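Take a look at the structure set out below.
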Amino acid sequence: MRAQQSAVHLLILFILLAALTAISGGGANGATPTQPPVAATPAAPASVEKLTVAVDAWGFGELNPVQNRGSTFLRDYYLSLLLERDETGAIVPMLVTEWKGGPEGWSLTLNPDARWQDGSPVTAEDLRFTFEAGAGDHTNPKFQSYPQFKGVWAASRIREMVDEVQVIDPHRGFIKTTRPDPLFLWAFSGIGFHIFYTGPKDYLLKVGHDGYLANPLGNGPYKVKEFKPQDRIVFERWEDFWGNYPYYKKPQARVMEIILNTDDAARFALLKSRQADVVVNIPYITAKNIPRERGKGPLWLQVLPATGNQFIGFIPLMAAQEGTATEADLKSPFRDIRVREALELAIDRKAISEVAHAGFTTPTGSIYFSKAIGWRPEVGERISPYDPARAKQLLKEAGYPHGFEAHIPYTVFSNSPGIKEWLDAVAVYWADIGVRTTYAYHPPGDFGPRARKPAREWRPLQFQTMGRQEHAAITVDAFFRENCTSGACFYTPKSNKLALQLLETFDEAEMLRLLAEVEDEILKDRLVLPTYNAATVIGYTDRVLSHPFPPGAAHWMQLYRMTLRD
Amino acid sequence: MRRYIGKRLLDGVITMWVVTLLVFLMLRITGNPIDILSPPDFTHADRERLKKVYGLDKPMWEQYLLFTKSIFTGDFGQSLAFDNRDAFAMFFSRVPATLQLTGAALLFALTLGVMIGVISAARPDSLVDRVGKVLAISGQSMPAFWLGLLFILLFSVHLGWLPSVGGIDRIGYQGLIMPAVSLGWYLVAANMRIVRSSMLEVLDSDYIMMVRAKGMPRRVVIWKHALRNAAIPVITLFFVSLAHLLSGAVITETIFAWPGVGRLLVEAIFGRDYATVQVAVFFVSAGIVTVNILVDLIYAWLDPRVRIA
């Protein structure tokens, strides 16, 4: 009997081990029975049937361009932006073919070929309607009211920035701004944020919000065929799409399905099993063995180096400046610049990027995102040396020879992997100089309000992103001036003055000079500690031949430019 | 009996009221949706405007009165996280997928659990008994998400046999296999143990000995006479499991991107989508309370001592 029991146990153990060995065999790059051998790059056919993309997040899955709570990249496929950036990063036409800005406002000329998917032309009336309906519950007498729509998430920004939208003729409009606004297009055209998509006036007024959700009408390369919020969306190519730019034309895939799957392992499995052609946001540790170019394995990847510049903010400094400092803030070690310098010297940022982030992120010394206009390589690439001995010396000089305790609240926005790993490493580095560090995750929505003025609850430190701003002036507007738009502001009186000048400057050279001065001022006082530029890894099966996107494609990645084989 | 039914219904209504009150309060204590989902560069003015637009600037008591009214009128309002769609319609659009997954998981758990339980009881310490017990207990020992990932790795990635994402409308009935098995395997052990212990008890009873003495074939004794009497606790477990799974197999639905209620509820909670969370919790609670009342009533009907107690 005992022998029989042992035999059964051995058999079960063997089966389990065999199964585990079988399924764990082969790394990320390992060939599997379902993966065909790698072939030479074939020519892309004019049309393929289907493209399947799995993503970890798509923002607010809200379809109506004049009523929404937030941004979603899904709109990029059935609606067109005003302007776009090509793969060299240059600003190029989309719905708008000519644009000119001045202290009074911006003149825009619409592409006369642009059409809605019902065949009607896209006009300056549509543009005016989108601004006015998107402004929501406004009091501007120059705006027509559309109470049936609740407005867009950037309604306050429209109301603050736009005085009037004038229709010059069916294809020309003038947007009169409330003040000289050089960043207007960066906010609204699509080259900075993806918050503004022109809506079809006549159709929206005819069908209303619910009618639009049932049958969305766009002017982009795809039509919405099926949409299940927070689950999946299926697009069908619009065969009469008007776009004829090299970077914006009728896409190759007839059907494009985007699936939301928030589990990293399950999402990557979709790529390995070839159920998806593209998977967005592969964890660094999983991606490190996948080749970065096509043709070297069944899978390949590209890195989207544009998901935010991460930094540590020293809150006691700002609280003191804003007159909200507590006793603890006034006694905080972080008020001493030697301490802040010591903390920087104690971290080997290059090692973290190379090891913990598998080389996918870039350490930075700049407060600006590395692909943004205004970023200076001589600052961004100037990473302080790793010098724990000097760090200890500085702490001793500051009166903290035995260190102190620090706590870092942090959050993780979508497409920003590696934050936890970074903090793990920093805690170890700081422990070496006596700074005993703990950290705690907070959901983005919890973190944000508590990080902002007037709460500024996270003290003495907070680890956060500066967002994905393609123009450094937007970063300054959002973070580095008094009353900054994000509410999590870091500034000195001098940087604030420079920032205000910057935000009214149309001259590009002057803008760059002011951006540099603001950055120097912030870094001189070490108000924040820049850490690294985050990146998102996008994985492809070898069915995908190419996927060009702008070098700093911060907001989304133009899936319609992708080419596939059959 | 009528009095007993009335009392259980009243208990159910009170339970529902407490659940809805708790959900209402907890959602609001943990933050409002505009703050929760606004991006880092969202202005203070934008946030305040949206709070007003969605009625979140109203006093809490006023919001609660509106919510209570919605229960009676059936107008649960518009979803905040899902494009202002009707929250009631959003919830019910996900119910079929949850019922499919729950049904398949329970069917799997019941079939395998009963089979192993019966064989284990009929042939204790046999090879089948031992292998069956190991299989069942391994299901209970492994979390559903882990089992789900192992299945995906084996059957989707390495063998390429089964799809691993989407509901029946996307990938057909074969898409049910992995999520249902990974979800139901946990319940196999519970079913198996209950059936095994009940069967052992029944097989030792006088009437089974009588049937055996009459020369009835062994399989008829076991599967017809013994199992029928041993199955009552299994039916109870079935209803309890059904109620539990109705609230959504959150993790399984996430791993397999299954478009069910659990995933919707999680997304809605993360988005502080009050309307959707409230409608989902209300109807899921109603389902669970109803199932519990039904089970109580069946017990009371079967055993008068219950209603007297």
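Looking across the range A:388-424, the residues that are surrounded by fewer than 19 Cβ atoms within 10 Å (Cβ to Cβ) and assigned to a helix (DSSP H, G or I) come down to A:388, A:389, A:390, A:393, A:396, A:397, A:420, A:421, A:424.
The set of residues in the range B:64-123 that are of a type in the set (A, V, I, L, M), buried (at least 17 other Cβ atoms within 10 Å of the Cβ) and under 15 Å from the mean Cα position of the chain (by Cα) comprises B:95, B:97, B:101, B:104, B:105, B:106, B:109, B:110.
Looking at the range A:379-407, which of the residues that are farther than 25 Å from residue A:537 by Cβ and touching a strand residue (DSSP E or B) at 6+ places or on another chain (Cβ under 7 Å) is farthest from the other protein chains (Cβ to nearest Cβ)? Talk me through it step by step, then tell me what you get.
Taking the range A:379-407 and keeping what is farther than 25 Å from residue A:537 by Cβ, we get A:379, A:382, A:384-407.
After this cut, where a residue has to be touching a strand residue (DSSP E or B) at 6+ places or on another chain (Cβ under 7 Å) as well, the list is A:403-407.
Values: A:403: 31, A:404: 28, A:405: 27, A:406: 22, A:407: 21 Å.
Looking at the filtered set, the residue picked out is A:403.
A quick yes/no check of all residues on (1) over 30 Å from residue B:64 (Cα atoms); (2) at pLDDT 85 or above:
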{"residue": "B:196", "(1), (2)": "yes, yes"}
{"residue": "B:240", "(1), (2)": "yes, no"}
{"residue": "B:245", "(1), (2)": "no, no"}
{"residue": "B:260", "(1), (2)": "no, yes"}
{"residue": "B:290", "(1), (2)": "no, yes"}
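Among residues of the range A:60-96 being at pLDDT below 85 and polar (S, T, N, Q), the one that is surrounded by the fewest Cβ atoms within 10 Å (Cβ to Cβ) is A:88.
Which residue is farthest from residue A:48 (Cα to Cα), if the candidates are limited to the range A:227-272 and must be acidic (Asp, Glu) and at pLDDT 95 or above? Going through the qualifying residues, I end up with A:240. Filtering the range B:124-158 to residues that are polar (S, T, N, Q) and more than 22 Å from the chain's Cα centre (by Cα) leaves B:126, B:156. Among the residues making up the range A:416-443, those that are charged (D, E, K, R) and more than 18 Å from residue A:362 (Cβ to Cβ) are A:420, A:424, A:432, A:436.
Counting only strands (runs of 3 or more DSSP E) that sit wholly inside the range A:219-273, those with at least 3 residues that are at negative phi and within 11 Å of another protein chain (Cβ to nearest Cβ) are A:222-228, A:253-260. Here A:212, A:197 are screened, and the one residue that is within 21 Å of the chain's Cα centre (by Cα) and among the hydroxyl-bearing types (Ser, Thr, Tyr) is A:197. Would you confirm whether or not the range A:444-460 contains a residue that is buried (at least 18 other Cβ atoms within 10 Å of the Cβ) and more than 14 Å from chain B (Cβ to nearest Cβ)? Yes; the residues of the range A:444-460 include at least one that is buried (at least 18 other Cβ atoms within 10 Å of the Cβ) and more than 14 Å from chain B (Cβ to nearest Cβ). Can residue B:189 be described as out of contact with any Pro (no Cβ under 9 Å at 6 or more places or on another chain), surrounded by 20 or more Cβ atoms within 10 Å (Cβ to Cβ) and not in a helix (DSSP H, G or I)? No: the conditions fail for residue B:189. Taken over the range B:47-96, residues that are assigned to a helix (DSSP H, G or I), farther than 15 Å from residue B:20 by Cα and either within 14 Å of chain A (Cβ to nearest Cβ) or touching a residue at least 12 places away in the same chain (Cβ under 8 Å) (or both) amount to 17. Only residues that are assigned to a strand (DSSP E or B) and either basic (Lys, Arg) or farther than 30 Å from residue B:83 by Cβ (or both) were counted in the range A:130-162, giving 0. The combined condition, being among the β-branched types (Val, Ile, Thr), farther than 23 Å from residue B:180 by Cβ, assigned to a helix (DSSP H, G or I) and more than 14 Å from chain A (Cβ to nearest Cβ), is not fulfilled by residue B:240. Taken over the range B:243-285, the criterion of being away from every other protein chain (no Cβ under 14 Å), within 13 Å of the chain's Cα centre (by Cα) and assigned to a helix (DSSP H, G or I) is satisfied by B:243, B:244, B:245, B:246, B:281, B:283, B:284, B:285.
Is one or more of the residues making up the range A:107-120 surrounded by fewer than 19 Cβ atoms within 10 Å (Cβ to Cβ), among the small types (Gly, Ala, Ser) and in a strand (DSSP E or B)? Within the range A:107-120, one or more residues are surrounded by fewer than 19 Cβ atoms within 10 Å (Cβ to Cβ), among the small types (Gly, Ala, Ser) and in a strand (DSSP E or B). Screening the candidates A:353, A:366 for the property of being small (Gly, Ala, Ser), in a helix (DSSP H, G or I) and crowded, with 23+ Cβ neighbours inside 10 Å yields one hit, A:353. Look at residue A:469 and say whether it is part of a loop (DSSP other than H, G, I, E, B), surrounded by 22 or more Cβ atoms within 10 Å (Cβ to Cβ) and touching a helix residue (DSSP H, G or I) at 6+ places or on another chain (Cβ under 6 Å). Yes; evaluated as a whole, the condition is true for this residue. Looking across the range B:138-163, the residues that are touching a Phe, Trp or Tyr at 6+ places or on another chain (Cβ under 6 Å) and either within 11 Å of another protein chain (Cβ to nearest Cβ) or among the charged types (D, E, K, R) (or both) come down to B:155, B:161, B:162. Checked against the criterion of being aliphatic (A, V, I, L, M), buried (at least 18 other Cβ atoms within 10 Å of the Cβ), more than 25 Å from residue A:202 (Cβ to Cβ) and modelled with pLDDT under 80, the range A:37-48 contains not a single residue that satisfies it. When residues in the range B:164-179 are screened for being more than 9 Å from every other protein chain (Cβ to nearest Cβ) and crowded, with 20+ Cβ neighbours inside 10 Å, 4 of them pass. Sort out which residues of the range A:132-145 are within 14 Å of chain B (Cβ to nearest Cβ) and either under 31 Å from the mean Cα position of the chain (by Cα) or crowded, with 23+ Cβ neighbours inside 10 Å (or both), and write them in order of number. The answer is A:133, A:134, A:135, A:136, A:137, A:138. The criterion of at least 2 residues that are under 22 Å from residue B:263 (Cα atoms) and at pLDDT 85 or above is met by the following helices (runs of 4 or more DSSP H) wholly inside the range B:111-172: B:144-151, B:168-171.
Cβ-Cβ contacts under 6 Å between residues 6 or more apart (or on different chains), taken from a first residue in the range B:109-128 that is closer than 22 Å to residue B:242 by Cβ to a second residue that is in a helix (DSSP H, G or I) and among the charged types (D, E, K, R), are listed as B:117/B:196. If you check residue A:180 against the conditions, is it more than 10 Å from chain B (Cβ to nearest Cβ), closer than 27 Å to residue A:506 by Cβ, more than 25 Å from the chain's Cα centre (by Cα) and in contact (Cβ under 8 Å) with a residue 24 or more places away in the chain? Considered against the rule, which asks whether it is more than 10 Å from chain B (Cβ to nearest Cβ), closer than 27 Å to residue A:506 by Cβ, more than 25 Å from the chain's Cα centre (by Cα) and in contact (Cβ under 8 Å) with a residue 24 or more places away in the chain, residue A:180 comes out as yes.
The values are calculated or read from the model by the stated rules, or taken from the named source; none is laboratory data. Owing to the predicted nature of the structure, the values given are computational and were not obtained by experimental measurement. Here Cβ is always computed from backbone atoms with ideal geometry, including for glycine, and neighbour counts include all displayed protein chains.
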